[in-house]
Protein chains: 2
Amino acid sequence: MTGHATDEATDTGAATAAGTGPAAGTGPAADAGTGRGAIVRAARRAFALRPYAEVTLRGIAADAGVSASLIVKHFGSKEQLFNTVADFEPAADELFAAPLGTLGRHLVLTVVRSRRAQQGDPLLRVVFSLGNSDERSLLRERFREQVTSRLTALLTGPEPALRAELIAGQLLGLGATLSLHPSGAGSLATPEHLADLYAPALQRLVTG
Amino acid sequence: MTGHATDEATDTGAATAAGTGPAAGTGPAADAGTGRGAIVRAARRAFALRPYAEVTLRGIAADAGVSASLIVKHFGSKEQLFNTVADFEPAADELFAAPLGTLGRHLVLTVVRSRRAQQGDPLLRVVFSLGNSDERSLLRERFREQVTSRLTALLTGPEPALRAELIAGQLLGLGATLSLHPSGAGSLATPEHLADLYAPALQRLVTG
C-alpha cells in the first residue's frame, strides 16, 4: 500500500480491529502477500473520491503498488471490483455484534478501534458519495440496506427506522469529526474515554 | 440556479432559515437579482466536490446560470471566490446563537430548518473535503477555527475541546444521515421531533 496523505476514505471492512479475529477476507490477514487488501483499500479510495467513469484499474493498481493484471486476476472487471468494495456487510457484522443493552458503547469502540488499527473508518466512505448522482448512488443504497435497514430490524420500541437513521448519523459524525481533527483532542483520547462521552447518546437512541 | 440531483454540498451560510432575518450577504435576501447567491452556492458545490485545480469560473458560471464575467465582477479571482465561500462564520453565528442551557436543541433545529428551507446543510460540505490534500485543506482549517475552536471557547466545564469536537461530529452526522436517507423516516419527521430525539445527546455534551 502506497503512502497516502489521509486515509479517511479507506477501510478494509474487516473485524480484526476489535480483536475478534479475521473477517470477510479483506483484512490484513487475507492479504498474505497477494496484494488483495491493498487493492481493496485503493479501490475504496478511488470509488469514493472520483466519479465511477474516471476510475481506472490502472490507477487503482498504481495506488495499491500492484499490476493491473493482478487486479483482474483477483477481482475481474472494474464493475466486479466496484461491487466487491461497495459492501458494508462485514462492517455491519462487527458493528452490530453486541446485545442491544450495550450496543451504544460497542458501536463507539468498534469505530474508534477500527480507525486506530489503521484500517480506516468502517462507514465514513459513504459520506464521500453524497452529492453525486453517478454509480456512487449504489454505495448509498448498499449503506441503507446493509447498515440502516439491518439496524432498524434489530431495534425494538417505537420508530425504529428513525432511530436507526439517527444512530447511523452519530456513527458517521464520529468518524467525520475524528477525520476533521486529526491532531485534536479526540485523537488523543482513548477509545474507552470517547465511548464514555459519546456512547450514552447512541445508547439512548438504541434503547428508544 | 440550475437543477441538481442532490444539494448536500451547498448551503448559503445564511441565517434566514431560522427566521432570524438576513445574515452575511449570501442568503436569498442578498441575491436580489444579482445572481450572487447562485454563484456562492455553485462555487461551494464546485470547491467541495472537485480538486481546486479543476474548478473553473466558467464551470461555476454555467452551474449558476450567469456569465463568468459576472463572477469576476462580484468576487474577483478564483482564489478570492474560494476564500469567500470557505467561510463557516455566518453558519456558526446562527448555530451558536442560544444560551448553553438550550444550545443542544437550538443546534438541531438550526441544522434541520436550514436544510428544509432549501438552503442546504450549514456545515456538511466540510466532510466532502476529507481525504484530499489539496487546497480543500483550507476548508477544514476554517471549520476547525470557525466552528470547533469557537465552540470550545463557549463551553464551560471539563475537556471543552474534546466535547466541541464530538458536538461538531453529531451535527455533521445529523446532516450526513439526512442526506443519505432522503426518503427516510428522518425526512418525514418535524424539526421539533428530530430535536426531541437527537438534541438530548448534544445537550449532554454541551453541559459536560
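General observations
- With Cα atoms defining each centre, the range B:136-153 and the range A:72-117 are spaced 29 Å apart in the structure.
- Accessible-area composition of the range A:89-207, carbon plus sulfur, in percent [1.4 Å probe]: 56 percent
- Between A and B, roughly 3800 Å² of accessible area is buried in total, ligands, DNA and RNA not counted and the probe set to 1.4 Å.
- A point 7 Å from Cα along Cα→Cβ stands in for B:GLY101, and the other copies hold the same point at 3.7 nm, listed in rising order.
- For the range A:78-208, the solvent-accessible area of protein heavy atoms averages 34 Å² per residue (probe radius 1.4 Å; ligands and nucleic acids excluded).
- Built amide H within the under 5 Å cut-off of A:GLY35, gap 5+: none
- Taken along the Cα-to-beta-carbon direction at a fixed 7 Å, the label points for A:ALA97 and A:ALA62 span 3.7 nm.
- Shortest-first nm distances, B:PRO182 label point to equivalent points in other copies (7 Å, Cα→Cβ): 3.1
- Seen through its C-alpha gyration tensor, with square-root eigenvalues sorted a ≥ b ≥ c, the range B:31-162 comes out prolate because a/c lies at 1.5 or above while a/b is bigger than b/c.
- Sorted from nearest, the other copies put their B:ASN83 label points 5.1 nm away, the label point being 7 Å from Cα in the direction of Cβ.
- For the residues of B:120-128, the average number of beta carbons from a partner chain within 10 Å of their own beta carbon is 3.
The values are calculated or read from the model by the stated rules, or taken from the named source; none is laboratory data. Nothing here was measured: the structure is a model prediction, and the numbers come from that model. Cβ coordinates were reconstructed from backbone atoms using ideal geometry, including for glycine residues, and neighbour counts include every protein chain displayed. Just so you know, the surface numbers come from the protein's heavy atoms only, side chains and all, with ligands and any DNA or RNA stripped out. Shrake-Rupley method; radii C 1.70, N 1.55, O 1.52, S 1.80 Å.
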